[in-house]
Amino acid sequence: MGQVAWKGLFLSFFDYKTEKYVIAKNKKVGILFRVVQLSLLAYLVGWVFVVKKGYQETDTSIQSSIITKLKGVAFTNTSELGERLWDVVDYVIPPQGENVFFVVTNLIVTPNQRQGTCPESFGIPDAECLKNSDCPEGEPVVAGNGVKTGRCLKTGAVNATCEIFAWCPIEKKKNPKIPLLGKAENFTVYIKNSIRFPKFDFSKTNILETDESYLKSCRYSKDDHYCPIFHLGKIVSWAGSEFQSMAIEGGVIGIQIEWNCNLDKPASECHPHYSFARLDNKERSVSSGYNFRFAKYYRDAKGNDYRTMFKAYGIRFDIMVTGKAGKFNIIPTIINIGSGLALMGAGAFFCDLVLLYLIKKSNFYRDKKFEDVKSASKMSLNVKVNGQPKSKSQNDLDQVRLQPLEA
């Protein structure tokens, strides 16, 4: 690069660029510019400020507490348990419900289990045997019910399993056909939800301050979202399932309470919104449903312990609380207005690209848009005409006036 080029590059560093406004009489670009402007304005007003409430400061760190209470009784008569009345103490686990509670709908009962020896259940691979050496003493059965005693016992004409030390008799493997507590469909659950948005020090509950008789008679519906008492059967149906079929092997239902509060309005306008969904796998498979085991222990007159084991099937309800609160604040308002103005500038920049590079007469508009202006001290203000210096008025007439043409 020569010395002259370096000098020109160095001097160009001190050039100053200023905007030059050119009125382009081009209807196509003009219409495009107005469409872009109106689109950006609609986005700013409609989406940013009306839908997203961009003029508000928001708080999503909702603090929440849940209290649940169930009511309902059912009567059963089975060979394992005999006649029995079931109330909330029997079928609700845990007894003090919070954001998760479980309702027993079906049972497999194994009564009078005592610690002793008995053959392991057939079908457990680690318990199958042909001879005693296949059952090393003291080794626990993988995925089984006890510890091997060293003996191989025949459980049928062909089948043989290891003898184990366990709670005997072993639970029988059988699939339930009908729900034992199918009447749980008519049970009710009381859900009290208290929330707080700490940024605005705003608190509210999903229960109206009314007399107690209202809570005794009301039932939740989409028209009465301040009644906190729900039918279990309706919750399951709102989640898209049928209670009686779900009660056979159990499942998981999600109850979502959503609070979207506009604190620029009165507190009475902040309402809870409920939605329901089934969270477990609806299709029948090896892992479908929901169940677990628990036992009740007793002691006989001789001081020996025995127990009744229950394999409980049922519906687990998970209560999830989400929310957002917003209130007017000048800072987000200014930020969003500034962002909108910047977008307007981006729209003008886009139309400039179309005008200067994409239309047929782009070269003409580019020549009118950009102009190099030298310092007045380097320009001759008295240019001669026919050997005579021009007057000031003549110089003024020689100034080039931009008259942009239509494309």
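Computed values, structure above
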item	result
Segments classed as strands (runs of 3 or more DSSP E), wholly inside region 27-102, with at least 2 members that are closer than 30 Å to Ala312 by Cβ	63-71, 74-78, 82-86
Condition met for Gly254 (under 27 Å from Asn281 (Cα atoms), within 29 Å of the chain's Cα centre (by Cα) and not in a strand (DSSP E or B))	no
Wholly within region 268-343, strands (runs of 3 or more DSSP E) carrying at least 2 residues that are surrounded by 11 or more Cβ atoms within 10 Å (Cβ to Cβ) and over 30 Å from the mean Cα position of the chain (by Cα)	291-299, 305-328
Residue that is among the small types (Gly, Ala, Ser) and either closer than 26 Å to Leu85 by Cβ or assigned to a helix (DSSP H, G or I) (or both), where the choices are Ser194, Ser213, Ser241	Ser213
Cross-chain or 6+ apart pairs with Cβ under 7 Å, region 206-218 first and surrounded by 10 or more Cβ atoms within 10 Å (Cβ to Cβ), then among the polar types (S, T, N, Q)	Asn206/Asn193
Criterion: at pLDDT 75 or above and within 16 Å of Cys351 (Cα to Cα) - qualifying residue of Lys20, Lys27, Lys53	Lys27
Those residues of region 124-167 which are assigned to a loop (DSSP other than H, G, I, E, B) and of a type in the set (Lys, Arg), in sequence order	Lys131
All positions within region 355-366 that are within 19 Å of Arg34 (Cα to Cα) and either in contact with a Phe, Trp or Tyr (Cβ under 9 Å, 6 or more places away or on another chain) or not assigned by the TED database to the domain that holds Leu32 (or both)	Leu355, Leu356, Ile359
Residues satisfying the stated conditions in region 220-233, i.e. in contact with a strand residue (DSSP E or B) (Cβ under 9 Å, 6 or more places away or on another chain) and either part of a helix (DSSP H, G or I) or within 22 Å of Phe102 (Cβ to Cβ) (or both)	Tyr220, Pro228, Ile229, Phe230, His231, Leu232
Candidates Val147, Val104, Val100, Val141, filtered to the one that is open to solvent by less than 80 Å² (accessible area, probe 1.4 Å), closer than 26 Å to Leu81 by Cβ and modelled with pLDDT of 90 or more	Val104
Residue count, region 7-26 (criterion: open to solvent by less than 100 Å² (accessible area, probe 1.4 Å) and not in a helix (DSSP H, G or I))	4
Selection from region 235-252 of residues that are open to solvent by less than 10 Å² (accessible area, probe 1.4 Å) and within 14 Å of Thr105 (Cα to Cα)	Val236, Phe243, Met246, Ala247, Gly250, Gly251
Residue list for region 114-153, filter: among the polar types (S, T, N, Q) and free of Cβ contacts under 8 Å to residues at least 12 places away in the same chain	Ser133
Residue, surrounded by the most Cβ atoms within 10 Å (Cβ to Cβ), within region 161-198, restricted to residues that are of a type in the set (S, T, N, Q) and within 29 Å of the chain's Cα centre (by Cα)	Asn193
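The values are calculated or read from the model by the stated rules, or taken from the named source; none is laboratory data. The structure presented is a predicted model; accordingly, all values stated were derived computationally and were not measured. No Cβ is skipped: glycine too gets one built from the backbone with ideal geometry, and neighbour counts run over all protein chains shown. What goes into the accessible areas is simple: the full protein's heavy atoms, side chains included, and nothing from ligands, DNA or RNA. Shrake-Rupley method; radii C 1.70, N 1.55, O 1.52, S 1.80 Å.
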